[in-house]
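Just so you know, all these numbers are worked out from the coordinates, no wet-lab data involved. Because the structure is predicted, anything quoted here is derived from the model rather than measured. Because the Cβ atoms are built from the backbone with ideal geometry, glycine has one as well, and the counts that use them run over all protein chains shown.
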Amino acid sequence: MKLQVAIDLLSTADALALLHKVADHVDIIELGTPLIKQQGLSVVTNVKAAYPDKLVFADMKTMDAGELEAELAFKAGADIMTVLASAADSTIAGAVKAGKAHGKHVVADMIGVADKTTRLKELKALGVSWVELHAGLDEQAQAGYSIESLLEAGRNADVAFSVAGGINTERIGAVEAAGATIAVAGAAIYAAKDPAEAAKTLRARIEKHG
Ligand SMILES: O=C([C@H](O)CO)[C@H](O)[C@H](O)COP(=O)(O)O
């Protein structure tokens, strides 16, 4: 299983400072939606220039104009961009078309999708590279939040998936056991006292589970 760091900081300088500490321990660098909204797509270009050998993931959360927004992300240097799974099929198909034209990946973010089983099948047919089973920051803040419903959807999925939603050292083993190909960790790394140590520990948990 690969490790993706989600950077939900608000400046390119802070993102680069964090990456200086953690890049060696992660496979995929995600530039979070708030970061892209604050800095624009220049943050994607700057991070890709600094880390050309890493996969750079632009968390666009595109809801409309799929082909256009995917084009913008890929032209800025992203290797992977996200479209919302709740968007119209035509939006997702447009993003996938741009992904194919650029030889890059489009990921469908399942945030807010209630009927996961049906949508997962449709997304596979639409040709996304993988789906992200995701509970966003607001959902995580609700009382009684559990990652289990994401893992259950993953166990039953017939498509490659990543998981995002408060992954930490306690939860990452269950994420891998559910069959995820990528674990996404945001706050567990960027908000840690020692981000390098946090990323290293998450990586070690993955290696321990094989
Ligand atoms: O995608 C995310 C969220 O919608 C804000 O942009 C997070 O990056 C994702 O949830 C991973 O972060 P953590 O949940 O803090 O691990």
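Short version: ³J(HN,Hα) in whole Hz for each residue of the stretch 91-101, in order, from phi by Karplus 6.51 cos²θ - 1.76 cosθ + 1.60 (θ = phi - 60°), x for Gly and Pro, what are they?
Once rounded to whole Hz, the list reads 5, 5, 4, x, 5, 4, 4, 5, x, 5, 4.
Residue by residue through the stretch 60-72, which ³J(HN,Hα) values in whole Hz follow from phi under the Karplus form 6.51 cos²θ - 1.76 cosθ + 1.60 (θ = phi - 60°), with glycine and proline marked x?
Per-residue couplings from phi come out as 6, 6, 5, 10, 7, 6, x, 5, 5, 5, 5, 4, 4 Hz.
Could you let me know the centre-to-centre spacing of the stretch 65-101 and the stretch 115-139, using Cα atoms, in angstrom?
15
In the calculated pair distance distribution of the stretch 2-209, what percentage of Cα-Cα distances lie above 24 Å? Display every interim value, and only then the final one.
Numbers: 7910 of 21528 pairs.
Of the Cα pairs, 37 percent sit more than 24 Å apart.
Provide the FRET efficiency to the nearest 0.05 for the ALA141-LYS75 pair, computing r from the beta carbons and using R0 = 35 Å.
0.50
Using 0.36 nm per residue, how much length does the chain from THR169 to ALA204 gain when fully extended, once their Cα-Cα distance is taken away?
Numbers: separation 35, 0.36 × 35 = 12.60 nm, distance 0.94 nm.
Here the answer is 11.7 nm.
As a check on your grasp of the helix formula, calculate [θ] at 222 nm for the chain: sum -39500 (n - 2.57) over DSSP H runs of n ≥ 4, divide by the residue count, round to the nearest 500.
-13500 deg cm²/dmol
Which of the GluC sites (Glu not before Pro) found in the stretch 116-175 are in a DSSP loop and have at most 11 neighbouring Cβ atoms, other than their own, within 10 Å?
GLU170
Where a Cα-Cα gap under 24 Å defines reach, which lysines qualify for LYS200, not counting those fewer than 8 residues away within the same chain?
Within reach: LYS2, LYS21, LYS48, LYS54, LYS208.
Tell me, what HN-Hα J-couplings in whole Hz come from the Karplus equation 6.51 cos²θ - 1.76 cosθ + 1.60 at θ = phi - 60° for each residue of the stretch 182-191, using x for Gly and Pro?
9, 9, 9, 10, x, 4, 4, 9, 6, 9
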